[in-house]
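Beneath this line is the structure, given in structure tokens, with notes to follow.
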Amino acid sequence: MSYYKILGLEKEPFSTSPDPGFFYQSKEHTSALYRLRISIELRRGLSLILGDVGTGKTTLSRRLAQLLKSESNVLMTMILNPLYESETQFLGDLMERFQIRRDPTETKEPTVLEYMKMTEKFLFEKGVEEDKTVIILIDEAQKLSEPCLECLRSLLNYETNEYKILQLILMGQMELLPRIRHIKNLWDRISLKYVINPLEKDELQDFINFRLKQAGYVSRYPLFGDDAIRKIYNYTQGYPRKIAMLCHDALEYLVMHKKEMVDEKVVQELIRRDTVMAAGA
């Protein structure tokens, strides 16, 4: 029997996979999501969401996609790992994602300029003639090459008198910031700049309770003591991924040692193990 069944859970509460059903809307994530929705609704063009590793950017992207999925006027694609070897590979992938048809009589691979023209034609048909909101969301955007960023900059030039035809959302680690700053024509086009910070101390208890509730925990007895909560925050500094990993290990510890609650001693032991392993690595 899996450990979460023993604890009265229906599923894994502290998975690090970006399940939107376990998306805890901290103050930071609520603000980012709200501002993204406004930027998309007004078709303002480029939004930049940054944050350190483990702050919940990918889960935020899944939650946004979930919210937009039911909207019939939205045409959206998500690129999760933008490692492209060339501009043509990148633009060819965009055409496949949006099912943009090439001339069947043309046997040669299109040039970058030809790819751009076909993409721009598609954007005009969908974004203007059919009045749809076309969205490209790129996670791990720090992996984009300079030529790919330049392609995106060019596509953002395509607009009507009232709005940008393409809505582009770049989500990436902080290392993306100086790179975009150096591309002035791209930096000037950013309508939303937002940095996601870790959870605040008073949000940690809510984060843990929310995850447990989503996993089916209904007991009136808490699985994490107040002293454990304080210890977890001090060690993780509010980074959701680190919190989830530590809490997962803590629940496994309960089952293995037949304990009923995660206390400060349990957390301290797990931190000790983690520190030893990190030192060995």
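In the set E269, E260, E252, E264, only one residue is loosely packed, with under 13 Cβ neighbours inside 10 Å and touching a helix residue (DSSP H, G or I) at 6+ places or on another chain (Cβ under 9 Å); that residue is E260.
Would you say T59 is more than 22 Å from N157 (Cβ to Cβ), assigned to a helix (DSSP H, G or I) and in contact (Cβ under 8 Å) with a residue 40 or more places away in the chain? Here the answer is yes, as T59 does meet what is asked. No other residue among T88, T30, T58 is farther than 23 Å from Y233 by Cβ and among the hydroxyl-bearing types (S, T, Y) apart from T88. Remark: pairs (first residue in the stretch 246-261, of a type in the set (F, W, Y); second residue surrounded by 14 or more Cβ atoms within 10 Å (Cβ to Cβ); Cβ separation under 7 Å; 6+ apart in sequence or on different chains) = Y253/V266; Y253/L270.
Among the numbered conditions (1) more than 16 Å from the chain's Cα centre (by Cα); (2) part of a loop (DSSP other than H, G, I, E, B), the only one that L75 does not meet is (2). List the number of the failed condition for L176; all other conditions in (1) more than 23 Å from R63 (Cβ to Cβ); (2) buried (at least 18 other Cβ atoms within 10 Å of the Cβ) hold. Every listed condition holds for L176 apart from (1). Tell me, please, whether a residue that is at pLDDT 95 or above and under 18 Å from Y34 (Cα atoms) can be found in the stretch 159-168. Yes, the stretch 159-168 contains a residue that is at pLDDT 95 or above and under 18 Å from Y34 (Cα atoms). Check whether at least one residue in the stretch 124-133 is surrounded by fewer than 17 Cβ atoms within 10 Å (Cβ to Cβ), modelled with pLDDT of 90 or more and among the β-branched types (V, I, T), and report yes or no. For the stretch 124-133, residues surrounded by fewer than 17 Cβ atoms within 10 Å (Cβ to Cβ), modelled with pLDDT of 90 or more and among the β-branched types (V, I, T): present. Would you confirm whether or not the stretch 91-100 contains a residue that is exposed (fewer than 11 other Cβ atoms within 10 Å of the Cβ), assigned by TED's automatic domain parsing to the domain that holds I169 and at pLDDT below 95? The answer is yes, given that some residue of the stretch 91-100 is exposed (fewer than 11 other Cβ atoms within 10 Å of the Cβ), assigned by TED's automatic domain parsing to the domain that holds I169 and at pLDDT below 95.
Could you go through the stretch 208-216 and let me know if any residue there is assigned to a loop (DSSP other than H, G, I, E, B), touching a Phe, Trp or Tyr at 6+ places or on another chain (Cβ under 7 Å) and not assigned by TED's automatic domain parsing to the domain that holds S61. Yes: the stretch 208-216 contains one or more residues that are assigned to a loop (DSSP other than H, G, I, E, B), touching a Phe, Trp or Tyr at 6+ places or on another chain (Cβ under 7 Å) and not assigned by TED's automatic domain parsing to the domain that holds S61.
Looking across the stretch 159-173 at every residue that is part of a loop (DSSP other than H, G, I, E, B) and out of contact with any Asp or Glu (no Cβ under 8 Å at 6 or more places or on another chain), the one that is surrounded by the fewest Cβ atoms within 10 Å (Cβ to Cβ) is identified as N161.
Taking the conditions (1) under 29 Å from L50 (Cβ atoms); (2) assigned to a loop (DSSP other than H, G, I, E, B); (3) free of Cβ contacts under 8 Å to residues at least 40 places away in the same chain in turn, Y235 satisfies each one other than (2). On inspection, L199 qualifies as part of a loop (DSSP other than H, G, I, E, B) and either surrounded by 15 or more Cβ atoms within 10 Å (Cβ to Cβ) or in the same structural domain as K143 (by TED's automatic domain parsing) (or both).
Filtered by the rule that a residue be touching a Gly at 6+ places or on another chain (Cβ under 8 Å) and more than 24 Å from I196 (Cβ to Cβ), the stretch 226-277 gives M261, V262, D263, E264. Note on the stretch 229-277: residues that are over 24 Å from the mean Cα position of the chain (by Cα) and at positive phi amount to 1. Exactly one residue out of S191, S219 is of a type in the set (S, T, Y), crowded, with 16+ Cβ neighbours inside 10 Å and either within 20 Å of the chain's Cα centre (by Cα) or outside any helix (DSSP H, G or I) (or both): that is S191. Of note, T16 satisfies the criterion of being in contact (Cβ under 8 Å) with a residue 12 or more places away in the chain and among the polar types (S, T, N, Q).
The values are calculated or read from the model by the stated rules, or taken from the named source; none is laboratory data. Everything quoted here is computed from the prediction, not taken from an experiment. All Cβ positions, even for glycine, are placed from backbone atoms using ideal geometry, and neighbour counts span all protein chains on display.
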